[in-house]
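Asks: Here you go, one structure.
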Amino acid sequence: MEQVKELTSFYSAIKNDNRIGTTHISLYMALFQFYNLNNFCNPVYITRSLVMELAKISGLATYHKCIRDLNEFGYITYLPSYNPAIMSKVILLKG
């Protein structure tokens with residue numbers, strides 16, 4: 001079975017990153033599923049509600065903190081739309 005470079009790189013990177021917690025990992029995995037369904041092509045288009053549901057995150061503040069952290073820590077590039085009618089973009093960084 002072939003490795004998925006992006007996933008392997010993510011887990012290697014977070015191994016020693018004490019800033020990353022279980023909610024960050026859950027959120028990343030939800031984003032990765034969107035990436036997978038998009039045939040591993042960037043960017044992926046997301047809605048907050050679908051990502052929160054998939055990641056099992058119930059709090060808005062938790063979601064916003066974790067997606068902001070993943071962006072600031074360099075694991076993703078998050079391009080929010082700030083418009084509920086337009087999906088936000090996420091770029092998962094290549095492995």
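Bear in mind these aren't lab numbers, they're just calculated from the coordinates by the rules spelled out. Everything numeric in this text was worked out from a predicted model, so none of it was measured. Here the Cβ positions follow ideal geometry from the backbone for every residue, glycine too, while neighbour counts run over all protein chains shown.
Asks: Considering only region 41-53, I want to know if a residue exists there that is more than 13 Å from the chain's Cα centre (by Cα), closer than 19 Å to T8 by Cβ and hydrophobic (A, V, I, L, M, F, W, C).
Replies: Taking every residue of region 41-53 in turn, at least one turns out to be more than 13 Å from the chain's Cα centre (by Cα), closer than 19 Å to T8 by Cβ and hydrophobic (A, V, I, L, M, F, W, C).
Asks: Need the failing condition index for V51 against (1) touching a Cys at 6+ places or on another chain (Cβ under 8 Å); (2) crowded, with 18+ Cβ neighbours inside 10 Å; (3) part of a helix (DSSP H, G or I), just the number.
Replies: Going through the list (1) touching a Cys at 6+ places or on another chain (Cβ under 8 Å); (2) crowded, with 18+ Cβ neighbours inside 10 Å; (3) part of a helix (DSSP H, G or I), V51 breaks only (1).
Asks: Scan region 3-44 for residues that are touching a residue at least 12 places away in the same chain (Cβ under 8 Å) and either on the phi > 0 side of the Ramachandran plot or touching a strand residue (DSSP E or B) at 6+ places or on another chain (Cβ under 6 Å) (or both) and jot them down.
Replies: Result: E6, L31, F34, Y35, F40, N42, P43, V44.
Asks: Name the residue, out of Y63, Y35, Y78, that is part of a strand (DSSP E or B), surrounded by 13 or more Cβ atoms within 10 Å (Cβ to Cβ) and either of a type outside the set (S, T, N, Q) or under 10 Å from the mean Cα position of the chain (by Cα) (or both).
Replies: Y78
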